[in-house]
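Here the structure is laid out as structure tokens; the discussion comes afterwards.
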Amino acid sequence: LFRSGSTVEAPVLEFDRTKRVVTAHGVGAGQAVKTVLVDQAKDPKKQGGGPVRILSREMVYTDASREVEFKGSVQVTDQDGVMRSQVATVYLAGKTAAPAPAETSLGGRVDHMMASGAVELEQPGRKGSGDKLVYTADDKTFVLTGTKTVPPKIVDETQGTVTGASLRFKSGDDSVEVLSGDGAQRVRTETRMKPKE
């Protein structure tokens, strides 16, 4: 399936033309669905950071809400790193006005993403893990949370481990903000990334 520069490849593609919903899945176990989301914005200042490549067992795109849901061994890769989880929902920017019910407009800039279930994140110089992750594309901000028994954690290759009720950080920024459970106390932990060779 090709739409606005974005692609979906899977053994099975199902279309609900009335609801403008596309479902992709395989016929067995494994990451059978390959999705590439491409921002086709004409204004370079509004373009994202390149294509977002997503592997999953199932994908459901709902055109009305511009929502793409991925399930089963999800792996999201972009220029900033790799994220793995059991479930991830990507929300695309902008609303659509399709001329006909049969048309869908999968594609466009990623606005934000929510992931849950054994979340793992790898970026240059650090790794993170938790139960839930929220990513906002405009400011490239991540908020990683965990559970009371297993809090989120970030391991920096030069500064060690950072943990707390929730962790907020940005791509390309070498600082992590640690938030308490009630959000009342904030501790900012500065880390230094190992320079690239």
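Scanning segment 57-74 for residues that are open to solvent by less than 10 Å² (accessible area, probe 1.4 Å) and of a type in the set (Asp, Glu) gives a single hit, Asp63.
Looking at the structure I just gave you, is Val162 outside any loop (DSSP other than H, G, I, E, B) and farther than 24 Å from Val52 by Cα? So Val162 passes the test.
Meeting the requirement of 3 or more residues that are at pLDDT 70 or above and closer than 27 Å to Val143 by Cβ, the strands (runs of 3 or more DSSP E) wholly within segment 12-114 are 33-37, 52-56, 58-62, 67-78, 81-92.
Residues that are open to solvent by 40 Å² or more (accessible area, probe 1.4 Å) and among the basic types (Lys, Arg) within segment 119-158 comprise Lys127, Lys132, Lys140, Lys148, Lys153, listed in sequence order.
Close Cβ contacts (under 9 Å, 6 or more residues apart or on different chains) running from residues in segment 134-157 that are among the polar types (S, T, N, Q) to residues that are at pLDDT below 90 and open to solvent by 60 Å² or more (accessible area, probe 1.4 Å) comprise Thr141/Lys170.
The values are calculated or read from the model by the stated rules, or taken from the named source; none is laboratory data. Computed from a predicted structure; not experimentally measured. Neighbour counts are summed over all protein chains in view; Cβ atoms, including those assigned to glycine, are modelled from backbone coordinates with ideal geometry. In case anyone asks, the SASA skips ligands and DNA or RNA and just uses the protein heavy atoms, side chains included. Shrake-Rupley method; radii C 1.70, N 1.55, O 1.52, S 1.80 Å.
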